[in-house]
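For reference, the structure is listed below as structure tokens.
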């Protein structure tokens, strides 16, 4: 078939196939145990599925309101206030979104203009920078250190210029599993206080935290909350990543601009799923029980590695664990990850592509949001290395 003769200029000329797609395709081709991408392989709570069915059978099959079903926004507001002591008005300050990625993209689109700079902490989830570039902005990267993935706040402060429009943070942090501490959030607040910077706080793993650690949402801090879009994901929280539903909370003046873009991007989110989430969130145990649920899986995974040559620091949050393989091989993370898939039938994610300049940290990311038998199968492979 003849190719088009149309000419055009790509808005993302340097964009490549994501590492998630590359690894996923290779894993399927080699029938590998897949601990790469961040989605569970166990079943959704039967109660939640019943609630969606009930919503459909009760006729909630047409458009929801653009901002999201009010009953869901109301219970989200109550949840945030109970946990973080911050009250968001469900009418003007909370919007239901097609997952956190859409919330992040919408916030960037609403506020980033040509020539603006957006600070991104690396390694970073790969949706941030393309969205910045599509809107004519420039990503300004701050590399986290390789020993604990901590922020050098002096470096961060020096990156701020008159062009800085926005800062994107992610806590609990993917891929490192690190949680921004209270001190981190206070340092961020003090540095940004005299600026006109907006924050996107990606908090999709807000309820998946371990070892009695605490999640410090941007919503907890007075000045941060006044400049922040807090983005969250029910897909991550409740093991339904394919449902693509999340939410965004922000001050009314910021949210007004957000909704201007949101209404023309998606208009609204799946109505029966919103109804089911509103009913499901009423039982607090459905999210307060998650830390123990996932910590058991994390502990199973790291306990199974205690006699191997892998080195690790237990993840503080998320459902990812980094493994340092430098006592096993000097290969790059991409080469080692590929060899693990092809020769050993186990898939993980190399994180160098998320670092500045593809920095090699000698670690791979493994997702432990899997059935215990899947984790045991993976451990049997890892113990042979």
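What follows is calculated from the coordinates using simple rules that are stated; it is not laboratory data. Remember, predicted model here, so these are calculated numbers, not experimental data. So basically every Cβ, Gly included, is an ideal-geometry build from the backbone, and we count neighbours across all protein chains shown.
Could you work out how far apart the two model spin labels at residue 252 and residue 284 are, taking each label as a point 7 Å from the Cα in the direction of the beta carbon, and quote it in nm?
2.8
Let me check the size of region 95-225 from its C-alpha atoms; what are the radius of gyration and Dmax in Å?
14.0, 43
For the residues 60, 207, what sequence is obtained by ranking on other C-beta atoms within 10 Å, fewest first?
60, 207
Would you mind classifying region 59-282 by shape? Square roots of the alpha carbon gyration tensor eigenvalues, ordered a ≥ b ≥ c; an a/c under 1.5 is rounded, otherwise it is prolate if a/b is larger than b/c and oblate if not.
prolate
What number, in percent, do you get for the relative contact order of the chain if the mean sequence gap of Cα pairs under 8 Å and at least 6 apart is divided by its residue count?
Numbers: 714 pairs, mean separation 96.0, N = 385.
Computed value for the chain: 25 percent relative contact order.
Using a Förster radius of 25 Å, what is the FRET efficiency between residue 345 and residue 14 based on their Cβ-Cβ separation? Nearest 0.05, please.
Between residue 345 and residue 14 the formula returns 0.20.
Enter the Cα centre distance for the pair region 27-69 and region 298-350, rounded to the nearest angstrom.
Computed from Cα coordinates, the inter-centre distance equals 29 Å.
Restricting to the chain, compute how many DSSP beta bridges are antiparallel as a %, nearest 5.
The antiparallel proportion sits near 45 percent.
Only bridges with both residues in region 59-282 count here: give the DSSP antiparallel percent, nearest 5.
30
Between 163, 345, 47, find the one with the highest GNM mean-square fluctuation for the chain; connect C-alpha pairs within less than 10 Å.
Looking only at 163, 345, 47, the biggest GNM fluctuation is shown by 47.
Computed FRET efficiency, Cβ-Cβ of residue 384 and residue 161, R0 35 Å: what is it to the nearest 0.05?
It comes out at approximately 0.10.
Once both labels are modelled 7 Å past Cα along the beta-carbon direction, what's the residue 6-residue 37 spacing in nm?
2.8
Can you tell me, using C-alpha contacts under 8 Å and at least 6 residues apart, the relative contact order of region 59-282 as a whole percent?
29 percent.
Could you give the length gained by full extension between residue 292 and residue 87, i.e. 0.36 nm per residue of separation minus their alpha carbon distance, to one decimal place?
Residue separation times 0.36 nm, minus the Cα-Cα distance, leaves 71.1 nm.
Going by Cα centres, region 227-287 and region 72-109 are how many Å apart?
For region 227-287 versus region 72-109, the Cα centre distance is 6 Å.
Along the Cα→Cβ direction, 7 angstrom out, place labels at residue 65 and residue 327. What is the inter-label distance in nm?
Placing both labels 7 Å beyond Cα along the Cβ direction yields 5.7 nm.
Taking a ≥ b ≥ c as the square roots of the eigenvalues of the Cα gyration tensor of region 243-337, is the shape rounded (a/c under 1.5), prolate (a/b larger than b/c) or oblate?
prolate
Taking 35 Å as R0, compute the FRET efficiency from the Cβ-Cβ separation of residue 193 and residue 214 and round it to 0.05.
0.95
Classify the chain: rounded, prolate or oblate, from the alpha-carbon gyration tensor (a ≥ b ≥ c, eigenvalue square roots; a/c under 1.5 rounded; otherwise prolate if a/b is larger than b/c)?
Rounded, because the longest to shortest axis ratio a/c is under 1.5.
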